[in-house]
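The values are calculated or read from the model by the stated rules, or taken from the named source; none is laboratory data. Note that the structure is predicted; figures quoted are calculated from it, not measured. Please note: Cβ atoms are built from the backbone with ideal geometry, for glycine as well, and neighbour counts cover all protein chains shown. Quick note on the areas: whole protein, heavy atoms, side chains included, nothing else; ligands and nucleic acids left out. Shrake-Rupley method; radii C 1.70, N 1.55, O 1.52, S 1.80 Å.
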Amino acid sequence: MNELTLDNALLRRQAILDSQQELVGYDLSLVTPNDCGQHTALQERARAAALVCAAYAELGIRSALGNSTAFLHTDPVFLHDDAIEALPPDGVVLELVLDTPPDARMLERCRALRERRYALALADYNGLDACSRPLLTLVDVVKIDIRTHDDAALRELAGPLARLPLKLLAYGVDTPADFARCQALGFQLFQGDHFAHAETVSGRRLTP
């Protein structure tokens, strides 16, 4: 991501609510002109770094979020960046986005961040596999895209996790019916267009 692109980038957020529909936090994303959603690994890392800068250095976590929490997408490369530790532990949830199973170095980094009181979330959970199994005892939140599973599949995914000390976040809750079925399945956190569409934070542009 070059400086010109970043100069035109906007910080966007979508609300995350609890079962009482009270605001818990915001999922933050960086939006750039003509964004196709496909980026190289280097560009993704630049986006993650820019997102941290936008949320904290430029806007300030509290001015962007009030008293709520920022859910920040964190890839395995950016997870090891010292910039993460500039963020207040009580202001962020680091959402792990994985394409491959975590290695020993990544698991040690997750443990170290938890010791520093950072909360971790596991994104795109699709059941126990080589990616998720080593992390389930290290994360505070598991995020499931409900749009890709029917009721039976969601029940199979959510049921075993109910015994663990973590929260289930339903992503893609776009209708009242979605909200009701996710509540019935034991989800505690909810994100989707039923509650609020993603919005630009104050319409403010970022600077390089």
Restricting the range 109-135 to residues that are in a loop (DSSP other than H, G, I, E, B) and open to solvent by 20 Å² or more (accessible area, probe 1.4 Å), the one farthest from ALA177 (Cα to Cα) turns out to be ARG116
Residue that is without any contact (Cβ under 8 Å) to a residue 40 or more places away in the chain and over 15 Å from the mean Cα position of the chain (by Cα), where the choices are LEU122, LEU136: LEU136
Hits in the range 183-193 - residues which are open to solvent by less than 60 Å² (accessible area, probe 1.4 Å) and within 23 Å of HIS73 (Cα to Cα): PHE187, LEU189, PHE190, GLN191, GLY192
Condition met for ILE146 (farther than 18 Å from LEU164 by Cβ, at pLDDT 90 or above and surrounded by 17 or more Cβ atoms within 10 Å (Cβ to Cβ)): yes
So for the range 62-75 (the condition being modelled with pLDDT of 85 or more, within 22 Å of LYS143 (Cα to Cα) and of a type in the set (Phe, Trp, Tyr)), does at least one residue qualify? yes
Condition check: on the phi < 0 side of the Ramachandran plot, among the acidic types (Asp, Glu) and at pLDDT 95 or above. Does GLU108 satisfy that? yes
Enumeration of residues in the range 157-178 that are surrounded by 18 or more Cβ atoms within 10 Å (Cβ to Cβ) and more than 19 Å from the chain's Cα centre (by Cα): ASP178
